[in-house]
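The values are calculated or read from the model by the stated rules, or taken from the named source; none is laboratory data. Nothing here was measured: the structure is a model prediction, and the numbers come from that model. With ideal geometry, Cβ positions are generated from the backbone for all residues, glycine too; neighbour counts draw on all protein chains shown. Each accessible area value is taken on the protein alone, full model and side chains, heavy atoms only, with ligands, DNA and RNA left out. Shrake-Rupley method; radii C 1.70, N 1.55, O 1.52, S 1.80 Å.
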Amino acid sequence: LRKGIRVATVPASRSGEALAALKPLFPDFAAASSVLETGLENLNLIVHPAMVLPNVGAMERAKLDGKKFGFYQEGVVPSAGVLGDALDAERKLVCEAYGVEHTPMAKAIEQYYGFRSDTFYEAMQNPVYKSFPPFQPDIWREWEAVDLPYAIVPCVQLAEQAGIAAPLHRGFAEILGVLLGVDPWRCGPSLADMDLQGTPEAVKKRVLGLC
């Protein structure tokens, strides 16, 4: 269903080799500029936390009542849209610092599914998302157990080492850490582990294979 997926390798100079192997199975795949793009442009970084936080109470009540929860139906509420747009604006600054062309969430939905909109809340009305079945109400714990260490925390750390404040992403990391019972800053790989530590220019050169 999704079109325009981009992939990258480490270093990015090997992306062509990877695409040659992948395209027979996934002909719509294209090369991203680097793993900085595939990481910072991954929609889960924005969609999941913005949707989860306003709906935690409703999802927990559904679980207590033995019911499933329509995450992409009844969970699409205006406050999720407000949070989504604010997180997206913060992400844009991080993308710019590392030379990644930022794609607003609504534009990404248009590229992937052909649904045009202008805001996060409008984009969440797309028919593909609406077609998803109700989920077990604690599915958000599984999603955020992955998003927290591999998307949200690295975004905060990339921002802060570039001298950019990311208070919303940092706040989400702290809140989700409490809800999941983990230390958000120690539950996943560090920037050093991922070879992403340093100035933005140095990091860009490494992921591109220029040094």
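Exactly which GluC sites (Glu not before Pro) in the stretch 99-206 are in a DSSP loop and have at most 16 other Cβ atoms within 10 Å?
Those satisfying the criteria are E101.
What is the Cα radius of gyration of the stretch 115-194 over 2.2 N^0.38 Å, N being its residue count?
1.32
What number of lysine-lysine pairs in the chain show an alpha-carbon separation below 17 angstrom, given a sequence spacing of 8 or more or placement on distinct chains?
Going through the chain pair by pair, I get 5.
If you take the beta carbon distance between T119 and A165 as r and set R0 to 30 Å, what does 1/(1 + (r/R0)^6) give as a FRET efficiency, to the nearest 0.05?
0.80
Out of S117, S131, S33, any idea which swings most in a Gaussian network model of the chain, alpha carbons joined below 10 Å?
Maximum fluctuation in the GNM of the chain, among the listed residues, is at S131.
Helix 44-64 against the longest principal axis of the chain: what's the angle in degrees, Cα atoms only, rounded to the nearest 10?
20 degrees
Among [x] 152; [y] 119; [z] 130, find the value of volume of the Cα convex hull per residue in Å³ that was calculated from the structure presented, and write down its label.
Calculated volume of the Cα convex hull per residue in Å³: the matching label is [y].
Taking Cα atoms, how many degrees apart are the long axis of helix 78-97 and the longest axis of the chain, rounded to 10 and kept between 0 and 90?
In the chain, helix 78-97 runs at an angle near 10 degrees to the longest axis.
Students often get this wrong: which residues of the stretch 162-199 have the backbone nitrogen under 19 Å from the point 7 angstrom along Cα-to-C-beta of F132?
From the stretch 162-199, the list is 176.
Tell me, what is the FRET efficiency for K3 and E96 to the nearest 0.05, using R0 = 30 angstrom and their Cβ-Cβ distance as r?
For K3 and E96, the calculated efficiency is 0.75.
Work out the charge dipole of the stretch 102-211 with +1 on the Cβ of Lys and Arg and -1 on the Cβ of Asp and Glu about the Cα centre, then indicate which of L196, P167, V207 is farthest towards its positive end.
V207
Using Cα springs under 10 Å in a Gaussian network model of the chain, which residue among K68, K92, K23 shows the largest mean-square fluctuation?
K23
Rounded, prolate or oblate: which one fits the stretch 1-77, using the alpha carbon gyration tensor with axes a ≥ b ≥ c (rounded when a/c is under 1.5, else prolate when a/b beats b/c, else oblate)? Can you show the working numbers first?
Details: a/c = 3.84, a/b = 2.59, b/c = 1.48.
Judged from the Cα gyration tensor, the stretch 1-77 comes out prolate (a/c at least 1.5, a/b above b/c).
Please identify which residues in the stretch 1-43 have an amide N closer than 15 Å to a label point set 7 Å out from the Cα of Q111, following the Cα→Cβ vector.
Taking a point 7 Å out along Cα→Cβ of Q111, the residues of the stretch 1-43 whose backbone N falls under 15 Å are 2-8, 28-43.
Return the FRET efficiency for the residue pair L180, A30: r is the Cβ-Cβ distance, R0 is 35 Å, and the value is rounded to the nearest 0.05.
With R0 = 35 Å, the Cβ-Cβ based efficiency is 0.55.
Which one of V56, V100, V156 has the biggest mean-square fluctuation once the chain is modelled by GNM with Cα springs under 10 Å?
Fluctuation is largest for V56.
Which order do you get for S13, S34, S190 if you rank them by accessible area with a 1.4 Å probe, largest at the top?
The most accessible residue leads, giving S13, S190, S34.
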